[in-house]
Amino acid sequence: MGRPKQFDPDAAVERAMDVFWRKGYAATTPQDLVDALGIGKGSLYNTFGSKHALFERALRRYRDSQAAALVEMLEGSGPVKERVREALLLLVEMDLADPDRRGCMAVNTAAELAGTDEVAADLVRRMLDRTEEAFSALLEKGQRAGEISSTRDARAIGSQLLATVVGLRLMARVAEGPERLGRVIDATVDSL
């Protein structure tokens, strides 16, 4: 009979998510994970199988917490343009407040692994699809309410808003302040 686990695997995935988010997949070593999780290498591999399997779980955890928060905001109530503005402002504020300027783990993963890791690319693709669908659904609601012109393609605008989110998340990693990002948000909302 093996020894019982002396750590909480869910808490370990949360800590691993932070390491991968900060350093990226390739730059994160098994030793980085062992140090952050406070477990031995044997426990790491026995519990999670591999560095990549732990990364997949961390990316899913990111999706379930961070990405889901944006979708929830978009599905809330209030004027459509204000919800879009508030969602974009929230992302910028979170990114600028982060001392590590990690940006978005999904965007970072796409930039690092999209051409070489189909599992990671698929996870990111599904997160982006979910965000785009939430934007499109919100815009369709705005069209039905007369807030957004019904002559415009809500799916195309949803795609544009997704591209804006990706760009803002990247720009925030190096921004000296919120001014440029605020201009992007203002122009985006004004274009709706």
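The values are calculated or read from the model by the stated rules, or taken from the named source; none is laboratory data. Note that the structure is predicted; figures quoted are calculated from it, not measured. Positions of Cβ are generated from backbone atoms using ideal geometry, with glycine treated the same way; all protein chains shown enter the neighbour counts.
Is there a residue in the stretch 167-176 that is surrounded by fewer than 14 Cβ atoms within 10 Å (Cβ to Cβ), among the charged types (D, E, K, R) and at pLDDT below 95? Looking through the stretch 167-176, at least one residue is surrounded by fewer than 14 Cβ atoms within 10 Å (Cβ to Cβ), among the charged types (D, E, K, R) and at pLDDT below 95. So is Lys41 at pLDDT 95 or above and not aliphatic (A, V, I, L, M) or not? No: the conditions fail for Lys41. Scanning the stretch 121-133 turns up no residue that is on the phi > 0 side of the Ramachandran plot, modelled with pLDDT under 95 and not aromatic (Phe, Trp, Tyr).
Of everything in the stretch 10-30 that's without any contact (Cβ under 8 Å) to a residue 12 or more places away in the chain and of a type in the set (D, E, K, R), which residue is farthest from Arg60 (Cα to Cα)?
Lys23
In the set (1) more than 25 Å from Gly78 (Cα to Cα); (2) outside any loop (DSSP other than H, G, I, E, B); (3) of a type outside the set (Phe, Trp, Tyr); (4) free of Cβ contacts under 8 Å to residues at least 40 places away in the same chain, Glu176 fails one condition alone, (2). Can you tell me which residue within the stretch 94-109, out of those that are touching a residue at least 40 places away in the same chain (Cβ under 8 Å) and in a helix (DSSP H, G or I), is farthest from the chain's Cα centre (by Cα)? My answer is Leu96. The set of residues from the stretch 90-110 being surrounded by 14 or more Cβ atoms within 10 Å (Cβ to Cβ) and among the aliphatic types (A, V, I, L, M) comprises Leu91, Val92, Met94, Leu96, Met105, Ala106, Val107, Ala110. Please verify whether the stretch 56-77 includes one or more residues that are free of Cβ contacts under 8 Å to residues at least 40 places away in the same chain and either farther than 30 Å from Lys141 by Cα or not in a helix (DSSP H, G or I) (or both). Yes: the stretch 56-77 contains one or more residues that are free of Cβ contacts under 8 Å to residues at least 40 places away in the same chain and either farther than 30 Å from Lys141 by Cα or not in a helix (DSSP H, G or I) (or both). Residues in the stretch 144-170 that are touching a Leu at 6+ places or on another chain (Cβ under 9 Å) and closer than 17 Å to Arg85 by Cα: Glu147, Ile148, Ala154, Ile157, Gly158, Leu161, Leu162, Thr164, Val165, Val166, Leu168, Arg169.
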